[in-house]
Every structure is written in C-alpha cells, then in structure tokens.
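Here's the structure we're looking at; comments come further down.
Readers should treat all values here as calculations from the given coordinates under stated rules, not as data from a laboratory. Note that the structure is predicted; figures quoted are calculated from it, not measured. For neighbour counting, all protein chains shown are included, and Cβ atoms are generated from backbone atoms with ideal geometry for every residue, glycine included.
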Amino acid sequence: MPLANMLSITSNTFLSMLIWIVLLLAALYFARKPFHRAMGSFSRIIHNAMRLTAASVLSAEKKLVQRNREVLMAAGLESAERLVEREFDRINAAVVRDLEGYPNIQRQLSELTTRLDEDYSQSADVPSELPNWIPIIESIANIKQSGDSMVANMLGEINRTLTEQHKASIENYRSSNAARHSILNKMLPVWRRVQKALNDIGKSIGNLNQRAKSIDRYMDEYEQIRMQSDKAARMLSSSSLTQFFIAGLVLMIAFGGALINFNLIALPMSEMVGGASYIGPYKTSDVAGLVIILIELTMGLFLMESLRITRLFPIIGSMDDKMRMRMIWITFTLLAVLAGVESALAFMRDRIAQDMEALRQTLAGVEQAKAATSLIPTVGQMIMGFILPFALSFVAIPLESFVSSSRTVLGIVAAGALRLLAFILRLIGNLGYYAGRLVINMYDLIIFPSIWLEGVITGSKSKTKEPVEEQLFEDGGITEEAVDNFNDTIEYKEPQE
Amino acid sequence: MKKTIAIALSLILIIAITGCSDSKSRSKGVYMLLDTSGTYALELKKAQSILNYLLGVLQPGDTLAVARIDTGSFSEKDIVAKITFDERPSYANNQKRAFQQEVNSFVSAVKSSKYTDISGGILQGIEYLNEQGSGQKFILIFSDLKQELAKGYKRDIPFQLQGFNVIALNVTKLRADNIDPNQYQDRVTKWHAEVDSGGGTWSIINDLENLDQIFAN
C-alpha cells in the first residue's frame, strides 16, 4: 500500500493534510516538556563535559608552565653560576698574576726610592764656597808703589798667583754644580719608572674593581633567578628563544658544511669500500662517508667537552685534569688524523673526477680537452677536506645551546598547544549549549500554533506556573558561565571535580 | 643488558648481511644483440654510440655483454665482449675503455651473415644474464627484427623472460615495409607478443636521442 494512501484519511487531500498537521502539532505539544528537558540535559552534558575537559587541560597546562619555569630557572641558575664562576676565575688569575709580581714591584720601588734618596742626598751636597780672595787682592792692589822693583815684582807675583787660584776655584765650583745637575738628570728616568710601576698597580686594582662590579651584577641576576621573579623568568625566556633560533641557524650552516664534506669524500670512499655494495637502500660508500663525518663530529664534541667549553657530558667535565688533558690530546690527534684522511680523499676525488671526465669525453667521441694544469682546485679541495673536520668540531657549542634552549621552547609550544586545546574544548562546550537552546527555540517555533492556542485557553495565569526553557537552562547554572574568563574556569570547576 | 647488546649485534649483523646480498640485486645486467645480417650490418656505427651511452651510464658492479646476431646466435662464441665492472670506479673506468676498444675492433672488421637468428640471441642473453645474477636485466636488440632462420634451426622454444626488459633499438623499415606497413607492424607485434608471453617487458626506441628511456623504469 502506497504511503499516500495510508496518509489519506479523507477523500479530500487538503483536509487529510490539515488533520495530520493538527495531530502532529498536538503530539509535538504534548512532547514539548520532555523534549525541552532532554535537549537541556543533552546540551548541559556537552557543555559540562567540555568545560571539565578544558579545565583539566588548563590544569595540565598550568603544571607544564610551572615545570617550564622551573627548568628555565634551573638553566638560568646554572648559566649565572657559570658566569660568576668564570669571573671569579678571571679575578683569581688576575690576583695571582699581579700578586705574584707584587713583591718584585715592591722591591723595585724600594730600590728606586733608595736610589732617589741617595741621589737627592748627593745632589744636596753644597760645593765649597769660593775663597774670599777679592778683598785681599784689592788690599794688595791698593798698596802704594814705593818704586822698589823687588816689591813690585813680589806684588805682581802675588797678584798672578791669587788670580790663578781664583780661576781654579771658580772652575771647581762650576764642575761641582754640573755634577749635581747630572745627578738630578739621572733621577728623571727613575722617577718615570716609579710612576710606571705605580700606574701598573693602579691598573690592576682598576681591573679588579671592574671584575668585582661584574660579579655584583651577575650576583644580582643570580639573586633574581633564585627568587624566581617574573622579571628573571621573562629575561630567561627571551634569552632562551633567541638562543634557540641563533643556535638553529648555526646548526643549519653546520649542516651545509657537513653536506659539502660528505660530497668531498663520498666518491673516493667508493674506491675504498666499493661502489656496488649497499647497506639497506644506501650505498656502502655513502654510509662510510657519513660515518666518518659523524665520527669527526663526535670527536669534536668530546674535544669541546674536554676543554670544558660545553657541558653535554658531565662525566667528561668532572674528570681530573690529568685525564682531561689526555682526552684532549687523544681527541685532537684523532681529529687531525681524520682531517688528514679527508684531505687525501679529497685529492683522490679530484683524480677520479678527472678520470671520469676524460672517459666521458672519450665515449662522447669529442676531442679531449687539455687537463687543467692549475693545482688550485686540487689544493683547494684538500684544504677544505682538512679544515672542515675542525670547523665541524665547533658544532658542539651551538648544539649545546640548541639542546638546552629547545627544552624551554618545546615547553612553551606545548603549553600554547594545551591552551589552544582548552579554548577549542570550551568553544565546543558553548556551541553545544547554545545549539541546544537553538533547537528548543526552533521546536517552539514549529509548534507555535499549539503554544498560541494554549495561551488563549489558559490565559496569562498559567504562564507563570510553567517552567520556561530559560529556567531549564538556569537550573544548571551555566548560562552566565558561558562568557566567563579562562582563569575562573579552573576555580569554578575544581569543586565540581 | 646482555640481551640488549645481543639484539643490537644481531641487528647489525642482519643489516650487514642484507647490505652485502643487496649489491647483486641492485646491479644492472645488459645484454646487447647486434644484428650483422645483410644490409643492417651498415647500421652498426649507430650501435657504437648506443654502446658508448651504456658505458657512460653503467656503474661499478654492473654487467655488460655485446653479442652478434648471425645464422646461429645461440652460442657463447657469438658474445663479442663481456664484462662485469669492478667495484672500484677507477678500475671500472679502465675496463670501460678496454671494452670500447674491443667493440670498435669488432665493428670495423664485422662481416655480414646470411641469416638472422634473433631468437637464438635472446635465448643466449637470458642464459647469460641469469647466470650473472643481475638484479635488473636488459636485453637490447639492435636489429630490424626480421628473423630469417637457416634450414634445420628450431627456435619455437618459449622465452622465460620474467624480470627481463627487452628493448628493440633502431628498428629500421625495410623496403617491403614501405610498400606494405602491415609487415612492419606484424613484425613488431609478433616480438611484442612473444616477450609478453614470456613474462618480460617490451619496448621500442627508434630515436637514438631517447636512449635515457632504456633505464627510465
């Protein structure tokens, strides 16, 4: 029996339809309250479930943020400790260097002071004064000549003798003064040396002052980190992000270097291990080349660790100095040997490439171009082969920064992802809630003739007795929370849990 | 701890063993048949350029053999030159030079044969490449594909061409083909069908500019 026949209550289609609509509206009207309750419950379930999940996610995010902060602070403390330690090392070195020389300087200064004192004393010796010949000569000269030639001669002789003695005395006086001036002149470089020694001491003390100021600054930062202040957290977080990107950039550059290095040695390695064997899907020669580069990187890493430049392996850093020195020499020697091997491989690569090119030209039937006589490409490749392993050994430094900063960055990213997830969950919860309301309103819209009729029949009194849909939703007390903020959510939901 | 070390060592051993055994399966084996019958012998100059291309492309560990198609080609004596290149590139380069010289000498002194036994050549190629154990096997037929067997020669044996790529090169059109192109089509179709029924892959390269299609797949 077709459906149309089943629906036909009367012979008049329009009448049948009208009856069906009335029946349907009546049925929907009677089902209205249960439907409202069911829909309200369903939307509340979605809303509350999503909000609870969001609260849980936010709680996890909060814990993660706290953990990140702890990691950041720990890293910051370690870094600050390293800085302070380094400054103390420098101060120690400066103090040892300067104090070691201090007794020597003191002795020098003492000697110089003694010499200055002696010189000063010597220069203070007053030369003997000129004899008071002049009045005697004048008195003799004033003696009246009696005409006696003998007397005249005697007087003349006295006059000459006195004049000569006077001249000699003047000469003596002058030379004595010259000697004093000479002593004073000699004092000048001594004074300068004293001044230089004092300046050196002044510089050393100034340097120590500067270091002490740096230590004060680092100690302030250390204190800030120890107190786990927000300022320190912001500073460390920003520093960590910068480190992450810079270290990432340097690692990418190093990767480029490693790639060039690989290309330098992959072809000649096929001459050593064969070009036709494979390990898995990769050529054995390529794997061998890669292994050599990785060994070089490892040696570089150990070298940097032994030099205490990086601290990726605490066991190496904590070795005693003798063992550490041995390790430095072993890793450096291995690195040098590998660099030598690479250089030789680079040379071989050049020869193989030339041979291959010659073969290609022969096979192509073209006249063979004269081989380039310049040794520059060959030597260039050899130098590159020798230098790159050493250059790659410095990768340890950005690698350490990258590893340490990636912890923080990954933490920040994970926290952001959790926050986003919580937002999406809350959004879904709210959408579910409002979708429930929408469905209820749509339901009422569809059966509005019944509601209108109910209003007409029962009047305004009964309206107040019936629970309207807002009341259904308010029962759960969730209408207002739909627009609250994230921070309140945990506080709001935790009692429910 | 000991268990972990044992597992790690076993893994390394497995990788090493599979790595070693992998080398053969990755190598290429090329068996090139040169038709020396009738007027087609004049085309052999072109075969030299194909061979030069092959020598340039093949890698250490690969196998290359050149054989002629004459009255009875199912014979080792028809193999003009054969080589498996050394694993070291520098040695392989010297081998390639020597191989080229050998083939050049053959081409300059070749005498045309009365009959054309292509099937015999293919059978010999299958046998040779299977014996070498190459991973990828190629039989290149440098011929007009017109088979003419001498009286008494039987070549109705089906080919066993699983894993083989059979490539016809420089399939020239004969005078009769120009008069009736169906003859050319029939010839090509016949060989195609025979290779397909043997489980091999068939293709034709007439333009020698497209030689890179030999190893394209």
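Here are the numbers for this structure:
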quantity: Where labels lie 7 Å past Cα in the beta-carbon direction, separation of A:L155 and B:S197 in nm; calculated: 17.0 nm
quantity: Degrees, to the nearest 10: B:118-132 long Cα axis against longest axis of chain B; calculated: 10 degrees
quantity: Selected from A:S343, A:P135, A:Y173, residue furthest toward positive end of dipole (chain A; charges at beta carbon); calculated: A:S343
quantity: Pairwise label distance in nanometres, A:E111 with B:Q162, each label 7 Å out on the Cα-Cβ vector; calculated: 10.1 nm
quantity: Calculated log₁₀ intensity ratio I(q)/I(0) where the Debye formula runs over C-alpha points of chain B, q = 0.15 Å⁻¹; calculated: -0.96
quantity: Under-5 Å amide H pairs with B:M32, H placed in peptide plane, nonlocal only; calculated: B:A65, B:V66, B:A67, B:L140
quantity: Cβ charges +1 (Lys, Arg) and -1 (Asp, Glu), total dipole of the range B:113-194, debye; calculated: 160 debye
quantity: Cα Rg, Dmax, the range A:1-84, angstrom units; calculated: 31.9, 101
quantity: Average partner coverage of A:272-285, which counts Cβ from other chains inside 10 Å; calculated: 6
quantity: Check: the protein assembly as shown dipole with +1 on Lys, Arg Cβ and -1 on Asp, Glu Cβ, in debye; calculated: 680 debye
quantity: Of A:Q106, A:S374, A:L425, farthest towards positive along the dipole that unit charges on Lys, Arg, Asp, Glu beta carbons give chain A; calculated: A:L425
quantity: Sorted by Cβ neighbour density within 10 Å, fewest at the top, the residues A:M348, A:M442; calculated: A:M442, A:M348
quantity: Convex hull projection area averaged over all views, the range A:53-104, Cα basis, nm²; calculated: 3.1 nm²
quantity: Cα-only radius of gyration and Dmax that characterise the range A:225-378, units Å; calculated: 22.6, 79
quantity: Hz values of 3J(HN,Hα) by residue in the range B:199-205 - Karplus curve (6.51, -1.76, 1.60), Gly and Pro given as x; calculated: x, x, 10, 10, 7, 10, 10
quantity: Distance-filtered residues of the range A:78-101 - backbone nitrogen under 20 Å, label point 7 angstrom along A:S318 Cα→Cβ; calculated: A:78-83, A:85-86
quantity: Cα Rg over Rh - the range A:372-438, Kirkwood; calculated: 1.59
quantity: Number of partner chain Cβ atoms within 10 Å, mean per residue of A:350-363; calculated: 4
quantity: The range A:303-451 - charge dipole about Cα centre, Lys and Arg +1 at Cβ, Asp and Glu -1, debye rounded to 20; calculated: 460 debye
quantity: Centre separation in Å (Cα based) which lies between the range A:143-184 and the range A:234-302; calculated: 100 Å
quantity: Span-rule helices in chain A, defined as complete DSSP H runs reaching 27 Å or more along the axis (Cα) with Kyte mean at least 0.0; calculated: A:230-273, A:284-306, A:321-364, A:396-446
quantity: Mean shadow area of the range B:119-217 over all directions, Cα convex hull, nm²; calculated: 7.1 nm²
quantity: Neighbour-limited loop hits for trypsin sites (Lys or Arg not before Pro), the range B:162-216 (at most 16 other Cβ within 10 Å; DSSP other than H, G, I, E, B); calculated: B:K173
quantity: Listed residue (B:G152, B:L129, A:I451) projecting farthest to the positive dipole end of the protein assembly as shown, Cβ model; calculated: B:G152
quantity: For q = 0.13, 0.22, 0.27 Å⁻¹, Debye-computed log10 I/I(0) when each Cα of the range A:411-454 counts as one equal scatterer; calculated: -0.49, -0.74, -0.85
quantity: Over the protein assembly as shown, equivalent-ellipsoid semi-axes from the Cα gyration tensor in Å; calculated: 94, 67, 23
quantity: Estimated distance in nm for a label pair at A:K231 and A:A414, the labels positioned 7 Å out from Cα along Cα-to-Cβ; calculated: 3.0 nm
quantity: Once the Cα gyration tensor of the range A:212-254 is diagonalised, semi-axes √(5λ) in Å; calculated: 27, 14, 6
quantity: Modelled FRET efficiency - R0 22 Å, B:A150 with B:K82, Cβ distances, 0.05 increments; calculated: 0.30
quantity: Angle between chain B longest axis and helix B:2-26 axis [Cα atoms, degrees, rounded to 10]; calculated: 10 degrees
quantity: Entries of B:K96/B:K151; A:K63/A:K231; B:K111/B:K154; B:K96/B:K146; B:K77/B:K137; A:K283/B:K46 with Cα pairs more than 29 Å apart; calculated: B:K96/B:K151; B:K96/B:K146; A:K283/B:K46
quantity: Model label zone, B:V57; criterion: amide N under 15 Å from point 7 Å along Cα-to-beta-carbon; scope the range B:179-217; calculated: B:202-217
